[in-house]
1. With the chain treated as a Gaussian network of Cα nodes joined by springs under 10 Å, which of Gly32, Gly40, Gly23 yields the largest mean-square fluctuation?
2. What is the sum of charges around Ile37, taking Lys and Arg as +1, Asp and Glu as -1, for the other residues whose C-beta is under 14 Å from the C-beta of Ile37?
3. Quantify, in whole percent, the carbon and sulfur part of the accessible surface of the chain (1.4 Å probe; protein heavy atoms only).
4. Given the whole protein assembly as supplied and a 1.4 Å probe, what does the accessible area of Ser34 come to in Å², nearest 10?
5. Relative contact order (percent) for the chain, with alpha-carbon contacts under 8 angstrom and 6 or more residues of separation?
6. Just the C-alpha atoms of the chain: what Rg/Rh do they give, with Rh taken as the Kirkwood radius?
7. Roughly how many Å² of Met1 are accessible to a 1.4 Å probe, to the nearest 10?
8. For the chain, state which chymotrypsin sites (Phe, Trp or Tyr not before Pro) are in a DSSP loop and have at most 15 other beta carbons lying within 10 Å of their beta carbon.
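The values are calculated or read from the model by the stated rules, or taken from the named source; none is laboratory data. Bear in mind that the values here come from a model prediction, so they are computed numbers and not experimental data. Positions of Cβ are backbone-derived with ideal geometry, glycine not excepted, and every protein chain shown enters the neighbour counts. Calculation scope for accessible area: heavy atoms of the full protein, side chains included, ligands and nucleic acids excluded. Shrake-Rupley method; radii C 1.70, N 1.55, O 1.52, S 1.80 Å.
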Amino acid sequence: MTVAEVAAFMRVSTMTVYRLIKGQDLPAVRIGKSYRIREGDIDRYLAGRYTQAG
């Protein structure tokens, strides 16, 4: 997925996705001048940040 697609999926800005990539919180592969992120990596990132309410 592209950075823009990930941002839309996570409902955050593209800048937030770039920060997650730069901070190595979200694995990404650089292809030319753009990044690509695997859906499985997004799922793992979100699952690791999940907290139970209540």
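1. Gly32
2. Its environment carries a net charge of +1.
3. Exposed carbon and sulfur together represent 52 percent of the surface.
4. 40 Å²
5. Normalised by residue count, the contact order of the chain is 33 percent.
6. 0.99
7. Its heavy atoms expose roughly 60 Å² to the probe.
8. In loop regions of the chain (DSSP not H, G, I, E or B), the sparsely surrounded chymotrypsin sites (Phe, Trp or Tyr not before Pro) are Tyr50.
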